[in-house]
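The values are calculated or read from the model by the stated rules, or taken from the named source; none is laboratory data. Quick caveat: nothing in here was measured; it's all calculated off a predicted structure. Ideal geometry is used to build each Cβ from the backbone, glycine not excepted, and the neighbour counts take in all protein chains shown.
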Amino acid sequence: MAIDLGTNGTPPNTTFTIAKSAHPAALPKAGATISSIEFGFRGPAKLHDGELVKWANAGFLVHMIVGAEAPNLATAKKIAADLKAGKDNAAQALATGFYSWDNALSHGQAFESVISQKAGFWVLACFMDTQDGREHTTLGMEKVIQIVR
């Protein structure tokens, strides 16, 4: 449906059909894939600035992929250890920034995005809870990655 918002009063609208292109444009192929799965992440430990990344849920539970930025590798490893130990406040205090690549993906869902976050070390994490109330991070859903320029 199309609506003409350049008019006064009730805008006119019409319904139309878009035909399939005889020569569809090829979409770029993702340079890397990060997958969430019970209870971990799969994919490369290094992503590149400007790289197209596919974020996917290969598991059967709903997962999220958020990142905690760390000032160095040692701190990133400490953040990951704190998350696994259930010490979310301690991990948050060590992080220098946060980013959410996805807030919730169901089984089989995926999307792509271009890496534009700051270069450095990041800890991927899933903060969803299991049916018995345990946070996925405490079951191993944290992974240290590096974003490079």
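What the table shows:
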| item | result |
| --- | --- |
| Of the criteria (1) touching an Asp or Glu at 6+ places or on another chain (Cβ under 6 Å); (2) of a type outside the set (Ser, Thr, Tyr); (3) surrounded by fewer than 17 Cβ atoms within 10 Å (Cβ to Cβ), which one residue 115 fails | (3) |
| Residue 111 over 22 Å from residue 47 (Cα atoms) and modelled with pLDDT under 95 | no |
| Which numbered condition residue 73 misses (of (1) closer than 18 Å to residue 128 by Cβ; (2) surrounded by fewer than 18 Cβ atoms within 10 Å (Cβ to Cβ)) | (1) |
| Enumeration of residues in segment 1-31 that are surrounded by 10 or more Cβ atoms within 10 Å (Cβ to Cβ) and under 30 Å from residue 55 (Cβ atoms) | 30, 31 |
| Filter result (more than 14 Å from residue 140 (Cβ to Cβ) and of a type outside the set (Val, Ile, Thr)) within segment 78-92 | 78, 87, 88, 89, 90, 91, 92 |
| Boolean, residue 130 is surrounded by 14 or more Cβ atoms within 10 Å (Cβ to Cβ), farther than 23 Å from residue 49 by Cα and polar (S, T, N, Q) | no |
| Filter result (under 21 Å from residue 32 (Cα atoms) and not small (Gly, Ala, Ser)) within segment 46-61 | 46, 47, 48, 49, 51, 52, 53, 54, 55, 57 |
| Meets criteria (over 20 Å from residue 148 (Cβ atoms), touching a strand residue (DSSP E or B) at 6+ places or on another chain (Cβ under 6 Å) and not in a strand (DSSP E or B)) for residue 59 | yes |
| Hits in segment 104-149 (condition: more than 22 Å from residue 81 (Cα to Cα) and of a type in the set (S, T, N, Q)) | 106, 109, 113, 116, 117, 131 |
| Enumeration of residues in segment 1-47 that are part of a loop (DSSP other than H, G, I, E, B), more than 30 Å from residue 128 (Cβ to Cβ) and among the small types (Gly, Ala, Ser) | 6, 9, 19, 21, 22, 25, 26 |
| Leading residue by the ranking (surrounded by the most Cβ atoms within 10 Å (Cβ to Cβ)) among those in segment 41-68 that are of a type in the set (Val, Ile, Thr) and within 12 Å of the chain's Cα centre (by Cα) | 65 |
| Qualifying residue in segment 118-135 (condition: in contact (Cβ under 8 Å) with a residue 40 or more places away in the chain, assigned to a helix (DSSP H, G or I) and farther than 29 Å from residue 27 by Cα) | no |
| Hits in segment 74-117 - residues which are closer than 22 Å to residue 147 by Cβ, of a type outside the set (Gly, Ala, Ser), touching a residue at least 40 places away in the same chain (Cβ under 8 Å) and part of a loop (DSSP other than H, G, I, E, B) | 115, 117 |
| Those residues of segment 83-111 which are in contact with a Leu (Cβ under 6 Å, 6 or more places away or on another chain) and surrounded by fewer than 18 Cβ atoms within 10 Å (Cβ to Cβ), in sequence order | none |
